[in-house]
Amino acid sequence: MCSNGCGLDIAVKDKKIVGVRGLVSDRVNHGRLGPKGLHSWEPVHNPDRLTHPLIRKNGVLVKASWDEAMELICAKTREVMHELGKNGIAFYTSGQLFLEEYYTLALVAKAGICTMHTDGNTRLCTATAAAAMRESFGCDGQPGSYTDIDYTDCIMIFGHNIANTQTVLWTRMLDRLKGPNPPKLIVVDPRKTRTAQEADLHLKPKVGTNMALLNGIQHLMIKNGWINKEWVDKHTIGYDELARLVSSYTPEKVSEITGIPASDIIKAAEILGKTPTLLSTALQGVYQSHQATASACQINNIHLIRGMIGKPGCGILQMNGQPTAQNNRETGCDGEYTGFRNPENKQHMQDLADHWNVDVEIIPHWMESPTHISQIMSFIRAGSVKFMWISGTNPAVSLPHLSEARETLRKPDLFVVAQDIFPNETTELASVVLPAAMWGEKTGTFTNVDRTVHISDKAVDPPGECRSDMDIWIDYARRMGFKDKDGNPLIKWNDSEGAFEHWKASTKGRPCDYSGMTYDLLRKGTGLQWPCNDEFPHGCERLYQDGTFPTDIDHCETYGHDLELGAPFSKEEYAMQSPAGRAIIRSAQYRPPQETVNEDYPFWVSTGRDLWHFHTRTKTRRMKHLQDRQPDAYVQINEKDAEKLGIKEGDMVRVTSRRGEVQVKACIGRIDQGTVFVPFHYGYFDSDDKQKRAANELTISGWDPISKQPYFKFGAVKVAKVEDGDEVPTLSARDSTRATDASDSGKAVTEGKHMHIGDYIAISDRTAETLKKAFTELHDKFPTDRELQQGMQSLHHLADEITEMMDPFMDKYDCRNAPIEALVGPITPLHFTTPVTYGAMVAIHSLMPLIASLEITCKALNVALQSLLDPEFALVMRDVQELVRRMGRWVTGQTTTRSVQALTVPL
Ligand SMILES: Nc1nc2c(c(=O)[nH]1)N[C@H]1C(S)=C(S)[C@@H](COP(=O)(O)OP(=O)(O)OC[C@H]3O[C@@H](n4cnc5c(=O)[nH]c(N)nc54)[C@H](O)[C@@H]3O)O[C@H]1N2
Ligand SMILES: Nc1nc2c(c(=O)[nH]1)N[C@H]1C(S)=C(S)[C@@H](COP(=O)(O)OP(=O)(O)OC[C@H]3O[C@@H](n4cnc5c(=O)[nH]c(N)nc54)[C@H](O)[C@@H]3O)O[C@H]1N2
Ligand SMILES: [Mo]
C-alpha cells in the first residue's frame, strides 16, 4: 500500500492467509513492515469481497455469469466502436495491479482497440515524477537508491509526509537521524507533520508557492558560488538561463510570496550549498501542488548544479505513491509508452510494433501524449467517449471536483465497467462489475521507487469466481478476436511468466532494461534493480554514475516542454538545444495559483493522507486496528483560527468551497494559520447517513500543464462551526447510483452526427485559395516592387502545388461544398497602407495570419489522418505543411529586411 516495495513472507494455513512478516533478506525493508503492510492480508478473506460478475438490470446490479458479462462488454465495445470509432473507448486503470497485467492491458488498448484514451490513477499520483525526470534527464526512472539514505550528509524532504506515508523508508531515515553522524534534515511542508517534527530546519511555505522557494534557494546557491561549475559545464545544459532567471528571487521577495522568514531561506540555501552529499525526496506536496512539474525540475536542478547525482549518498527520489505506479508507467498505461519509448521517435514506435508484430500505424502515437483522465472525463461529458473500463481505482472518491465527476460517470449514455475486489462508490455507478483476484491470489511482479523489482507469488486461490485482472483482459482479447498482423492472437501468453518474458524482450536496450531478469532470479530472497542486463547482471544501484544521461535525440523519451505553458518542443527545437547525453537544467518563473483566497473564501484548503488509512479505505476500513485508530473524517485547523471561529476539538465543522461542502470533525493544531487540511480517505460506501465528507467535494478542477496531474493541494474555502439545527448535506440516492440499465448504456445515437475532418480539409483548401487571391492582389497593388512581385509569383506556385496535392482527397472526404464561412467566419483581409515602402512591408506581413493558420490546419490534419489510418493523405499534409513553412520563411525574411528602411527613414 505504498511505493516502498517491502519484501514479505505470507503465512498460509488451511488454504487461507493467516499473516505476513517482513522478509529479512530483502534489500528494501530488511524485515521491517509498517502498520499497513503488517495488516495488509486481513481484507483478503473479508466476506464483503466481490465474488461474481454483476450486470445492472432495472437499476440494480444482479449476479451474472462470466460469459454473460464478457459477451455484453464485447457487444458494447463493438456498438460504441461502430458509432464513434476506436476513440469512443477509454481505459482507466490503477497503480496497484502487477506489471504483467498492465502490459497485457497496454496491448489490448494500444494494439487491440487502438484507442488513445488509456490512463491510470497514476495520473493523480506520480505523473509529475515521471514528467520531471523526463524533462531533466531525458527519461523516467529514479536516479538514486535507498542505500543513499545510509550514506548521505543531508536529507531534504519536500512536500512529502514520509513518516505517515512511507513508514518503512522513514525508519531507515530514523536509523540515521538517531544514530552517529546524523545527516541534516530539511523538511518543506506547510504543516507541522510527524516528519517535520524531526527536522533541523522546517520551512512552511504557503500552499502553492514551492516554485518561488526553489527559485530563491537556487538564487542564493548561485550567488554564493555554492555550485560545481566544472561538472555543470561538462554534464548539463541550461545553466546560464537558470542563473539569469533566478537572479531576481531575493530572500525578501521569496519571503513575501511564501511566508517563510528570509533567514530560513538563507539557512536552507547554505545547508544545501555546502553539504558534501545530498539526498532529496519529493511527493504530493510538489506533484499535486501548483507548478508541479516545474517545481519538481528545480529539485533536480539543485542536485545538478552541485553535481550531486549518480554518487553514493546523492540520490533524488522523485517518489512514487502506489506499489506499482512505476510499472504502469513503464508498460505504457498512462501518459507514457511501453519501455519508456518516445512516441515522436519513428524508430521507437517501429521497434515496438515489430515486437508486437503489428503495423506501426495502428499504435496510437500520432499525438504528443495519450489522453489524461481529466480530458477523458470531459470527452464523456461531450458524448465523444461512451465506453469506460475502470480497473483497480475508485474515481468516484479520488477524482477532483466530485459532484462533476459523479455526474459524468453516471451519464446515461456511458457504459461503465468497474473491475475491483470490493464493492465501492464506483461499482455503484457501473453498468457491469467484474470481480478481481488480489495480491496473494495471483502471481506477478512489481517495481518500487528505487527501481527494485520483486515477484509476488500466488499463495491462495481467489474467492468465488474472481479472476486476475490479466486473465480478464486476455479473455476479452480472445473474445474480441484481436490479432497480430499474421492473423495470430495478439496476446501470446496465458500466464504471468509468459507475460513477463514478452515484456522483458520489449525493454532490451531501453533504460528500464529487464532483459537479465527471470522469475527464478527474483525468487532468491530479494529484489533486483533495473537495468538488469548483460552489463549489470545483478541489477544497477544508481543511474547516471558517469554523468551521462539518456538525452541523446535517438534515445530520449521526450523532446521536452516549456515548463510554464506545457507546450511541447519539436524534434528540431530539441536538436538545437542539443543535450546529447547531458542533463537539462530547465527553469521557469513563479506564477500565483489559479484559485486564491478572498473575503468570501478566506482559507487555503489542502488535502492528503493520514498514517492509518490508505486512499478510499476499501482495504484499511477492513483492518480493525487501523480503522479504530482513525474511524472518522476530520479537518485540521490552526489553534488561533479555531478560537476565532469558536471551534473546539471534535466539534462538527462545515467546510465550503465554490464547488461543494463537507461536514467533518475539527482536529486542532499543527498547521499554519489560514490553511486547513482534509484527508481524502472518507467516501460513502461505509457511511449510513451519507453525510458529505469526501475531501474531493471541495477540490478544484485544474491540472499541471505538463504532467496533467490534478491540483489536489490548494483551493479556497470558508469554515464555520455547525450549529444545532443546521442543515446536514448528504449525498442523494440519485447521485450515488446509475439509473440506466447495462443494456441501455452506451446506446448509439446517429442523427445529426458527422465526422468533422472534411470541414477541416475544406478550411485548409479554402485558405490556400484565399492565399492565392491575396498573392495576385499584392502583386498587382505594388507594380514597382520587383522583389515583392517575384515573391508573389513564387508563393503562388507553392499555393498551386498545395491545392493540386490536396485535390485527389477532396472527394474522398466529401468536402468540395463544405460551407466553410459558416465554420470559420470570413478569412482575414489584407491590409494596405501608404506610403509605399511602409505599405508593402505591412501588406507582406498581413499574409502571415493566413499562412500560420494554414500551417496549424495541416499539422492537425496530419495527426487526425494518421489516426484514421490514411497514411497517404497524412503524408501529403506533412508535405503541404513544409510548403507552408517555406511561405512563412519568405514573409518573415522580407518583413525583417524591409523594416529598417520602412520604419526608421521618415517618408
Ligand atoms: N498511510 C498512507 N500511506 C500512503 C498512502 C495512503 O493513502 N496512506 N498512499 C500512498 C500514495 S498512492 C501516495 S501518492 C503517497 C503520498 O504521500 P505524501 O505525498 O507524503 O502524502 P500527502 O499527505 O498527500 O501530501 C504530503 C504533504 O504535502 C503537504 N503539502 C500540501 N501542499 C503543499 C505545498 O504547496 N507545498 C509543500 N511543500 N507541501 C505541501 C501536505 O501538508 C502533506 O503533509 O503515499 C503513499 N503512502
Ligand atoms: N483530494 C485528494 N484526492 C486524491 C489525492 C489527494 O492527495 N487528495 N491523491 C491522489 C492519489 S496520489 C492517488 S494514488 C489516488 C488513489 O485513488 P484510487 O485509486 O481511487 O484509490 P484506492 O482506494 O486505492 O482505489 C483502488 C481500488 O482498487 C481496488 N483493488 C485493490 N487491489 C486490486 C486488484 O488487484 N485488482 C483490482 N481490479 N482492484 C483492486 C481497491 O478495492 C480499490 O477500490 O487518489 C488521488 N486523489
Ligand atoms: Mo498516489
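Condition check ((1) surrounded by fewer than 24 Cβ atoms within 10 Å (Cβ to Cβ); (2) more than 22 Å from His52 (Cα to Cα); (3) of a type in the set (Val, Ile, Thr)) across all residues:
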residue: Tyr337; (1), (2), (3): no, yes, no
residue: Gln347; (1), (2), (3): yes, yes, no
residue: Met367; (1), (2), (3): yes, yes, no
residue: Phe415; (1), (2), (3): no, no, no
residue: Ile421; (1), (2), (3): no, no, yes
residue: Ser431; (1), (2), (3): no, no, no
residue: Pro435; (1), (2), (3): no, no, no
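Would it be correct to say that Lys708 is under 20 Å from the mean Cα position of the chain (by Cα), within 30 Å of Pro592 (Cα to Cα), open to solvent by 40 Å² or more (accessible area, probe 1.4 Å) and at pLDDT 95 or above? Yes, satisfied.
Within the stretch 17-123, which strands (runs of 3 or more DSSP E) (wholly inside it) include 2 or more residues that are more than 16 Å from ligand 1 (Cβ to nearest atom) and either hydroxyl-bearing (Ser, Thr, Tyr) or open to solvent by 10 Å² or more (accessible area, probe 1.4 Å) (or both)?
Details: elements: 54-57, 60-63, 89-93, 118-120.
Result: 54-57, 60-63.
When the stretch 165-194 is filtered for residues that are open to solvent by 20 Å² or more (accessible area, probe 1.4 Å) and within 16 Å of ligand 2 (Cβ to nearest atom), the ones remaining, listed by number, are Thr165, Pro190, Arg191.
Taken over the stretch 465-514, the criterion of being part of a helix (DSSP H, G or I), touching a residue at least 40 places away in the same chain (Cβ under 8 Å) and more than 29 Å from Cys139 (Cα to Cα) is satisfied by Ile472, Ile474, Asp475, Tyr476, Ala477, Arg479, Met480.
Taking the options Ser403, Ser384, name whichever one is assigned to a loop (DSSP other than H, G, I, E, B) and either within 16 Å of ligand 2 (Cβ to nearest atom) or open to solvent by 20 Å² or more (accessible area, probe 1.4 Å) (or both).
Numbers: Ser403 fails: assigned to a loop (DSSP other than H, G, I, E, B).
One residue alone meets the criteria, Ser384.
For every residue, the table says whether it meets (1) under 24 Å from the mean Cα position of the chain (by Cα); (2) within 16 Å of ligand 2 (Cβ to nearest atom); (3) part of a loop (DSSP other than H, G, I, E, B); (4) within 21 Å of Val168 (Cα to Cα).
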position: Thr281; (1), (2), (3), (4): yes, yes, no, yes
position: Cys297; (1), (2), (3), (4): yes, no, no, no
position: Ile302; (1), (2), (3), (4): yes, no, no, no
position: Ile309; (1), (2), (3), (4): no, no, yes, no
position: Asn320; (1), (2), (3), (4): yes, yes, yes, yes
position: Gln326; (1), (2), (3), (4): yes, yes, no, yes
position: Glu330; (1), (2), (3), (4): yes, no, no, no
position: Cys333; (1), (2), (3), (4): yes, yes, yes, no
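Residues of the stretch 523-540 being of a type outside the set (Gly, Ala, Ser) and open to solvent by 10 Å² or more (accessible area, probe 1.4 Å), which ones? So that I can check it myself, show each step before the final result.
Keep residues of the stretch 523-540 that are of a type outside the set (Gly, Ala, Ser), which gives 523-524, 526, 528-538, 540.
Once the filter is applied, which keeps residues that are of a type outside the set (Gly, Ala, Ser) and open to solvent by 10 Å² or more (accessible area, probe 1.4 Å), the stretch 523-540 yields Arg523, Lys524, Thr526, Leu528, Gln529, Pro531, Asn533, Asp534, Glu535, Phe536, Pro537, His538.
Are any residues in the stretch 592-608 of a type outside the set (Ser, Thr, Tyr) and either without any contact (Cβ under 8 Å) to a residue 12 or more places away in the chain or away from ligand 2 (no atom under 16 Å from the Cβ) (or both), and if so, which ones? Within the stretch 592-608, Pro592, Gln594, Val597, Asn598, Glu599, Asp600, Pro602 meet the criteria.
When residues in the stretch 188-211 are screened for being closer than 24 Å to Phe712 by Cβ and more than 9 Å from ligand 1 (Cβ to nearest atom), 6 of them pass.
Any residue in the stretch 679-699 that is touching a residue at least 24 places away in the same chain (Cβ under 8 Å) sitting within a Cβ distance under 6 Å of a residue that is of a type in the set (S, T, N, Q) and in a loop (DSSP other than H, G, I, E, B)? List the pairs, counting only those 6 or more apart or interchain. Once the first residue is touching a residue at least 24 places away in the same chain (Cβ under 8 Å) and sits in the stretch 679-699, its partners that are of a type in the set (S, T, N, Q) and in a loop (DSSP other than H, G, I, E, B) give Gly683/Thr616; Phe685/Asn424. Of the candidates Leu645, Leu626, the single residue that is in contact with a helix residue (DSSP H, G or I) (Cβ under 6 Å, 6 or more places away or on another chain) and more than 30 Å from Ser136 (Cα to Cα) is Leu626. Of the residues that make up the stretch 717-728, is at least one under 31 Å from the mean Cα position of the chain (by Cα) and surrounded by fewer than 13 Cβ atoms within 10 Å (Cβ to Cβ)? Within the stretch 717-728, none of the residues are under 31 Å from the mean Cα position of the chain (by Cα) and surrounded by fewer than 13 Cβ atoms within 10 Å (Cβ to Cβ). Within the stretch 426-470, restricting attention to residues that are of a type in the set (Asp, Glu) and touching a Leu at 6+ places or on another chain (Cβ under 9 Å), the residue that is nearest to ligand 2 (Cβ to nearest atom) is Asp469.
Filtering the stretch 387-415 to residues that are more than 16 Å from ligand 1 (Cβ to nearest atom), of a type in the set (A, V, I, L, M) and closer than 20 Å to Ile700 by Cα leaves Ala396, Leu402, Ala405, Leu409.
The values are calculated or read from the model by the stated rules, or taken from the named source; none is laboratory data. All of these numbers come straight from a predicted model, not from anything done at the bench. Using ideal geometry, Cβ is built from the backbone for each residue, glycine included, and neighbour counts are taken over all protein chains shown. Only protein heavy atoms, including side chains, enter the accessible area calculation; ligands, DNA and RNA are left aside. Shrake-Rupley method; radii C 1.70, N 1.55, O 1.52, S 1.80 Å.
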